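Structure first, commentary second.
The values are calculated or read from the model by the stated rules, or taken from the named source; none is laboratory data. This is a predicted model, so every value here is computed, not measured. Glycine also receives a Cβ, built like all others from the backbone with ideal geometry; neighbour counts cover every protein chain displayed.
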Amino acid sequence: MADLFSDSGESIREDETDAMTFEVPLAERMRPRTLDEYVGQEHLVGHGKPLRALLDSGRLPSCILYGNPGVGKTTLVRLMASATGRRLMEINAVSAKVSQLRDLLDDAVKFRASGGRNAVAFVDEIYHLNSGQQNVLLPAVERGEIILVGTTSENPWFEINKTLLSRMIVYSLEPLSIDDVTKLLRRAMDDEKHGIGKLGLETGDDVLTHIASLTGGDARQALTRLETAAAGAAMGGGNVLTQEAVDSATGRQTLRYDRASTDHYSVISALIKSVRGSDPDAALYWLARMLASGDDVRFICRRLCILASEDVGLADPMALILAESCASACDRVGLPEAKLILGETVVYLAAAPKSNSAYLAIKAAESAVSDGDIMEVPYHLRNDGEGYQYPHDDPRHWIPQSYLPRQARFYFPGKLGAETRMVERLKKFWKRFFEDG
């Protein structure tokens, strides 16, 4: 094996080299060497896809690679530089100082002036740079003196300066599929040079698929689990890696979820849209994800109250009452019993008839006011006016009189649930409710 880790001229025995190699994590050892070895992100680097086409032509734009940990961001940056024959200059944003950023830019400019192509300045986890640090990079990007490539697991549209972001392309990397991760695990199992092939273990694809299913599309986590489980099995004298050995060595499933960031908002969005789409099973799943991740029960309850009004609305006015009761009951009983109350409420809201007519109505009225449609209060409705007729004096509890100086229409009823009965009553009073709008 090549002497990759020695900085002296002394010879190293093969067994010593193997031991030193295994000090490097499996995920690092198994990084692909070429784009063709890269697994996942077919929408970007599959043959003929946008980013791959640029790389194949030798071009590379300043860009941000945005995605969860373990989806191949850093690996892809290195492969992009290699594929286009460019020098790669790396710096980690967590520890970077302004002086270091300036030194990196100076080195890149000198390299270009010496006849080289534009270097790739790679800033790992670029969102850790503050505004001042990001501004240091801006002029060089603007003048085309460097190709800036940053990776981030946080939403770049929130975390990166708009002036810098406007000069870069954002490529979103998706979590790897179970098949993709299984492929990487099988490659590691069989590779005797960089992987764990020398351990002589056998295992079925079902075990590798099981590992992949535990890691939420995170290749690094999957390879770490495989390495840990395989080492345990080998040290125990076995030659077969079983699912039991994996579970015993690596514990429970990794649930990727950051309550302060993208995951939190993505999952609550999925919950709301599942209820809006009347799918109780999907809604229960996303609720379970939030609860398993320790999300704030009061936040969930607030969102359910909003949803009950915005999406169920007048088709079932009881939905808001139930959501409010849910919030009160969850506050009173706490977890874990609150899960039952939340589950009941989510199923009810998902199964309820839907209407967003009240939501659209208040939006339309607000829009009229903000657009300058400011009507005067009719004289008979003013507190000091005359001519107002009291509706309860009539047996119908309604008297024909105007409540706006001219007719305006904001509320257009839905056609489901309780709202249909409301409309029938309104039709007895107002001709406009015979109109479809």
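The single condition among (1) at pLDDT below 90; (2) acidic (Asp, Glu); (3) part of a helix (DSSP H, G or I) that Asp384 does not meet is (3). Within the set Ser95, Ser82, the sole residue that is out of contact with any Gly (no Cβ under 8 Å at 6 or more places or on another chain), assigned by TED's automatic domain parsing to the domain that holds Gly58 and at pLDDT 85 or above turns out to be Ser82. Between a first residue in region 145-162 that is under 21 Å from Leu60 (Cα atoms) and at pLDDT 80 or above and a second residue that is among the charged types (D, E, K, R) and assigned to a helix (DSSP H, G or I), which pairs have beta carbons less than 7 Å apart while being 6 or more apart in sequence or on different chains? Pairs that qualify, where the first residue is under 21 Å from Leu60 (Cα atoms) and at pLDDT 80 or above and the partner is among the charged types (D, E, K, R) and assigned to a helix (DSSP H, G or I), are Glu145/Arg112; Thr151/Lys73; Thr152/Glu159. Taking residues in region 379-392 that are closer than 19 Å to Arg406 by Cα and in contact (Cβ under 8 Å) with a residue 12 or more places away in the chain, and partners anywhere that are of a type in the set (A, V, I, L, M, F, W, C) and not in a loop (DSSP other than H, G, I, E, B), the pairs with Cβ atoms closer than 8 Å and at least 6 places apart or on different chains are Tyr388/Leu381.
The set of residues from region 290-306 being over 15 Å from Gly334 (Cβ atoms) and of a type in the set (Gly, Ala, Ser) comprises Ala292, Ser293.
Looking for something farther than 30 Å from Ile196 by Cβ and in contact (Cβ under 8 Å) with a residue 60 or more places away in the chain - is there at least one such residue anywhere in region 28-45? So far as region 28-45 goes, yes, one or more of its residues are farther than 30 Å from Ile196 by Cβ and in contact (Cβ under 8 Å) with a residue 60 or more places away in the chain.
If you go through region 407-437 and pick out every residue that is free of Cβ contacts under 8 Å to residues at least 40 places away in the same chain, part of a helix (DSSP H, G or I) and surrounded by 12 or more Cβ atoms within 10 Å (Cβ to Cβ), you end up with 6.
Scanning region 117-173 for residues that are closer than 18 Å to Met80 by Cα, out of contact with any Gly (no Cβ under 8 Å at 6 or more places or on another chain) and small (Gly, Ala, Ser) yields Ala119, Ala121, Gly144, Gly150.
Which of the residues belonging to region 144-160 are under 17 Å from Phe122 (Cα atoms) and either part of a loop (DSSP other than H, G, I, E, B) or not assigned by TED's automatic domain parsing to the domain that holds Asn118 (or both)? Scanning region 144-160 gives Gly144, Glu145, Ile146, Ser153, Glu154, Ile160.
Applying the criterion of at least 2 residues that are assigned by TED's automatic domain parsing to the domain that holds Ala270, in contact with a Lys or Arg (Cβ under 8 Å, 6 or more places away or on another chain) and farther than 29 Å from Phe410 by Cβ to the helices (runs of 4 or more DSSP H) found wholly in region 281-365 leaves 318-333.
Every condition in (1) basic (Lys, Arg); (2) outside any helix (DSSP H, G or I); (3) modelled with pLDDT under 85 is met by Lys110 except one, and the failing one is (2). From the list Leu60, Leu76, the one residue that fits, being more than 24 Å from the chain's Cα centre (by Cα) and in contact (Cβ under 8 Å) with a residue 12 or more places away in the chain, is Leu60. No other residue among Leu138, Leu164 is crowded, with 19+ Cβ neighbours inside 10 Å, in contact with a helix residue (DSSP H, G or I) (Cβ under 9 Å, 6 or more places away or on another chain) and either hydrophobic (A, V, I, L, M, F, W, C) or assigned to a loop (DSSP other than H, G, I, E, B) (or both) apart from Leu164. Do we have Ala121 as over 30 Å from Arg225 (Cβ atoms) and either in contact with a Cys (Cβ under 6 Å, 6 or more places away or on another chain) or not acidic (Asp, Glu) (or both) here? Taking the combined requirement at face value, the residue satisfies it.
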